[in-house]
Amino acid sequence: MADKREEILLVAERLFGDNGFDGTSVRDIAQHANVNLAMISYYFGSKEKLLEALLEQRANYTILEALNKDESLTPWEKIDRVIDFYVDKIMSNLCLHNIMQQGNNSRSDEIKELVTKIKLRNFEQIKKILLDGQKKKFFRKVDIELTVGTVMGTISQTTIARHFYNSIFNIEKNNDEAYRKKITPRLKSHLKQLLRAHLDIKNEE
């Protein structure tokens, strides 16, 4: 039965990503997952609760929490791993990223609050890494909130403006695998260089 619950989540993730939360009905999910409506109600209660379960499961808080606790890594190594984590996470699941983006603009305050809660929880973990790096004299004082926003915004831009990047990088349209292979290493390298220049205490004015 646990496999059936995961199958429902996978189907919901695909449909929410393709059609939006408001454009997907519980009946659609049930039909594509080959289950009855009662089973979705049994596992999740409502479409909103299904989305909440999906986002909570995919949030991967524990990875960032474990990274923060790892004393064997320098702040620079932690920042590099944060970039690797987010680029891989988003580029390997563009569907989930679409859902998060749509959640920001949802008509439902409940969904907006859910997406915000997940982002805030992850932000707090990244903030700890940056503050620790400042304390240990690796990083200079910066606007932490906007620094994180710059990183996330850059990653997000590569998913929102795919048609543009397909054109300038000569990537076959609608080929997710080709897009990931072309963009992922460039994005990681660019963001790491960007943060080296931005954060390095040696650049303190």
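In segment 41-57, the qualifying residues are those that are free of Cβ contacts under 8 Å to residues at least 40 places away in the same chain and part of a helix (DSSP H, G or I), and the one that is surrounded by the fewest Cβ atoms within 10 Å (Cβ to Cβ) is TYR42.
For segment 162-205, a residue qualifies if it is touching a residue at least 24 places away in the same chain (Cβ under 8 Å) and small (Gly, Ala, Ser), but none of them does. State yes or no: is THR184 in contact with a His (Cβ under 9 Å, 6 or more places away or on another chain) and assigned to a helix (DSSP H, G or I)? No; evaluated as a whole, the condition is false for this residue.
Here's the yes/no breakdown for (1) in contact (Cβ under 8 Å) with a residue 12 or more places away in the chain; (2) assigned by TED's automatic domain parsing to the domain that holds ILE160:
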site	(1), (2)
ARG14	yes, no
PHE21	yes, no
ASN36	no, no
ILE63	yes, yes
LEU67	yes, yes
ASP70	no, yes
GLU77	no, yes
ASP80	yes, yes
ASN93	yes, yes
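Among residues of segment 127-156 that are more than 17 Å from LYS202 (Cβ to Cβ), those with a beta-carbon under 6 Å from a residue that is of a type in the set (D, E, K, R) and surrounded by 17 or more Cβ atoms within 10 Å (Cβ to Cβ) at least six positions away or on a different chain give the pairs ILE129/LYS78.
Here VAL11 meets the list (1) closer than 30 Å to LYS136 by Cα; (2) among the hydrophobic types (A, V, I, L, M, F, W, C); (3) surrounded by 14 or more Cβ atoms within 10 Å (Cβ to Cβ) almost entirely, failing just condition (1). For LYS89, the criteria (1) without any contact (Cβ under 8 Å) to a residue 40 or more places away in the chain; (2) assigned to a helix (DSSP H, G or I); (3) in the same structural domain as THR154 (by TED's automatic domain parsing); (4) more than 22 Å from ARG162 (Cβ to Cβ) hold in every case but one, which is (4). Of everything listed in (1) touching a residue at least 40 places away in the same chain (Cβ under 8 Å); (2) more than 17 Å from VAL115 (Cβ to Cβ); (3) surrounded by fewer than 16 Cβ atoms within 10 Å (Cβ to Cβ), the single unmet condition for LYS4 is (1).
The condition (being within 23 Å of GLU113 (Cβ to Cβ) and either of a type outside the set (Ser, Thr, Tyr) or out of contact with any His (no Cβ under 9 Å at 6 or more places or on another chain) (or both)) is satisfied by just one residue among ALA30, ALA53: ALA53.
The values are calculated or read from the model by the stated rules, or taken from the named source; none is laboratory data. All values reported here derive from a predicted model rather than from experimental measurement. Positions of Cβ are backbone-derived with ideal geometry, glycine not excepted, and every protein chain shown enters the neighbour counts.
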